[in-house]
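Working notes, structure below.
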Amino acid sequence: MSEQQEVNILSVEDVNQRLPLVRSIIRDVMELHQDLQRRQQRLQELRRRYPAQSVPEDDSVYEQEVRQMESELVSDHDRMGEFQRELQEIGGRLSNAEQGTVDFRGEISGEPVWYCWNVGESTVQYWHRDECGGENRRHLETETTAAQASEFGQSC
């Protein structure tokens, strides 16, 4: 299998058909992301209060706890990667785990765009170009006409 994955161009209808599965995945992503954030903060606090021991036989209870937490964090980061792969398999790209944003490669007037969906939205309603984020999202109905007219030459 090639390192470079082929990117499927999807229609808005294609993306909307995938949303039930995307909602399920993104719910898990957001929950895991919040949990990872909390545990990483806790781990940093523990590391500040109880620096790592240089001699393994001097492991304190705190050092053992920290090592266990680090191991669990690695495992859960792997789980996050699995969720991202699931999204990729159905044509999505996780843009923001905290906000629940997923992008899908699409086209408007033959130009490449990203259809952008956020948790809580019933359908795909927005798009953007390149790696642009939330503030650069453009509504499909109102912006498509402007994009077709002349905007594709401009950057986000």
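The numbers here are math on the coordinates, done by the rules we state, and not lab data. Nothing here was measured: the structure is a model prediction, and the numbers come from that model. Cβ coordinates were reconstructed from backbone atoms using ideal geometry, including for glycine residues, and neighbour counts include every protein chain displayed.
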Residue by residue through the range 62-76, what is 3J(HN,Hα) from phi via Karplus (6.51 cos²θ - 1.76 cosθ + 1.60, θ = phi - 60°)? Round to whole Hz and write x for glycine and proline. 5, 5, 5, 4, 4, 5, 5, 4, 4, 5, 5, 5, 4, 4, 6
How far apart, in nanometres, would the label points at Ser109 and Tyr50 be if each is projected 7 angstrom from Cα along the Cα-to-Cβ direction? 6.2 nm
In whole Hz, with x marking every Gly and Pro, tabulate ³J(HN,Hα) for the range 37-46 from phi via Karplus 6.51 cos²θ - 1.76 cosθ + 1.60, θ = phi - 60°. 4, 4, 5, 5, 5, 4, 4, 4, 4, 4
Within a 10 angstrom radius of the beta carbon, how do Val102, Val61 rank from fewest other beta carbons to most? Val61, Val102
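Relative contact order (percent) for the range 13-91, with alpha-carbon contacts under 8 angstrom and 6 or more residues of separation? Mind dumping the intermediate values first?
On the way: 26 pairs, mean separation 35.3, N = 79.
Contact order relative to length: 45 percent.
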The range 7-25-the range 83-110 distance, computed between alpha-carbon centres (Å): 8 Å
